[in-house]
Amino acid sequence: MMSMDSLDAACSVCGEETSLYLNGVPICPDCDKAGKAGRAFAGVREALTLARQECRNALAAHSKMASSFGLLDPGNPAATEAIRNAYARIEAASLAYAKALRDYRAFKRE
Ligand SMILES: [Zn+2]
């Protein structure tokens, strides 16, 4: 895989001499670390965006449910069940959002 010649390779990002390769591209340890942090942060940020979106969707689904079922026929077991599920979805979504936010803030602190 790695020969002694690779010691002379230049980092593809900053041009620093390096013996480290990432997917066949020379990269120095500093740029590799920065790249990893950047990718991890992008992942955390995306998770936060998705979690926020799911919160919105869950709330929207619940209010749609409540207006179409709950008020018309509050005694309907199917409606009660559907609304309970909608609540559970909101609860799960807000827990996931809180966790994503914690991860995001932990990342910002580092
Ligand atoms: Zn570099």
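Values in this text are rule-based calculations from the coordinates and carry no lab data. Worth saying up front: this structure is predicted, and the values here are computed from it rather than measured. Glycine gets a Cβ as well: all are built from the backbone with ideal geometry, and neighbour counts include every protein chain shown.
On the beta carbon distance between Lys36 and Ser94, with R0 = 30 Å, the FRET formula returns roughly 0.50. Taking every lysine pair in the chain that is 8 or more places apart or spans two chains, those with Cα atoms closer than 25 Å amount to 5. Given +1 at the Cβ of Lys and Arg, -1 at the Cβ of Asp and Glu and no other charges, the dipole of the chain around its Cα centre is 740 debye to the nearest 20. Placing unit charges on the Cβ atoms of the charged side chains and taking the dipole of the chain about its Cα centre, the candidate lying farthest along the positive direction among Ala79, Ser12, Gly43 is Ala79. With the cut-off at 1.5 for a/c, could you classify the chain from its C-alpha gyration tensor as rounded, prolate or oblate? Prolate, because a/c is 1.5 or more and a/b exceeds b/c.
The mean sequence distance of close C-alpha pairs (under 8 Å, at least 6 residues apart), as a share of the length of the chain, puts its relative contact order at 21 percent.
With neighbours defined as other Cβ atoms within 10 Å of a residue's Cβ, the residues Asp30, Asp8, Asp103 order from fewest to most as Asp8, Asp30, Asp103. Only helical runs count toward this figure. For the chain, summing -39,500 (n - 2.57) over DSSP H runs of n ≥ 4 and dividing by all residues gives -23500 deg cm²/dmol at 222 nm. Between the beta carbons of Asn76 and Thr49, assuming R0 = 35 Å, the FRET efficiency works out to 0.45 to the nearest 0.05.
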